[in-house]
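What follows is a set of notes on a single structure, which appears directly below.
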Amino acid sequence: MFFNDINPKATIHILGVPKNSVINFREFISNTDKDTVKYFFDKTLEVIKNFGLDKSGYRLITNDGKNGNQEIPHFHIHILGGENLGGLR
């Protein structure tokens, strides 16, 4: 499932959430069958293309654990773009 973030950090800020219940990226990769993982990332690429971000550039983020500032205990990705996102600090 993909939807706009309610607190966007960029002009385009979309969340991608897989259907299965996993806490983080490691669990998603370790506990999800390969076809489902591929499907999720194929859909991610589809969203990126639909917003034209494949041409202009984007940032793909997942937060993991306390030091990664993971606020929601369910794996999800952030797709940010539509503007110059600047460098990482």
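All of the numbers you see were taken from the coordinates with simple rules; none came from a lab. Here the structure is a predicted model, which means the values were calculated and not measured. Counting neighbours? That spans all protein chains shown, and the Cβs are built from the backbone with ideal geometry, glycine included.
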Worksheet item: In degrees from 0 to 90, rounded to the nearest 10, what is the angle of the helix 34-50 Cα long axis to the longest principal axis of the chain?
Response: 10 degrees
Discussion item. On a full-extension model of 0.36 nm per residue, what is the gain between VAL37 and ARG59, subtracting their alpha-carbon distance, rounded to one decimal in nm?
Written reply: 6.0 nm
Response to the item:
Classified through the alpha carbon gyration tensor (a ≥ b ≥ c as square roots of its eigenvalues; rounded if a/c is under 1.5, else prolate when a/b is larger than b/c, else oblate), the range 22-89 comes out oblate
Worksheet, complete the sentence: Here the relative contact order (percent) of the chain, from C-alpha pairs under 8 Å and at least 6 apart, is 41 percent
Worksheet item: When only DSSP loop residues count, what GluC sites (Glu not before Pro) in the chain have their Cβ near at most 16 other Cβ atoms within 10 Å?
Response: GLU71, GLU83
Worksheet entry | the chain - mean residue ellipticity at 222 nm from DSSP helices (-39,500 (n - 2.57) per run, n ≥ 4, rounded to 500) | -9000 deg cm²/dmol
Worksheet item: Considering the dipole of the chain built from charges on the beta carbon (Lys and Arg +1, Asp and Glu -1) around the Cα centre, which of LEU60, TYR39, VAL22 is farthest to its positive end?
Response: LEU60
Worksheet item: When the dipole is taken about the Cα centre of the chain, and only Lys, Arg (+1) and Asp, Glu (-1) are charged at their Cβ, what size is it in debye, to the nearest 20?
Response: 160 debye
Worksheet item: Could you give me the ³J(HN,Hα) list for the range 52-65, computed from phi with Karplus coefficients 6.51, -1.76, 1.60 and θ = phi - 60°, whole Hz, x at Gly and Pro?
Response: x, 6, 5, 8, 9, x, 7, 10, 10, 10, 9, 9, 9, x
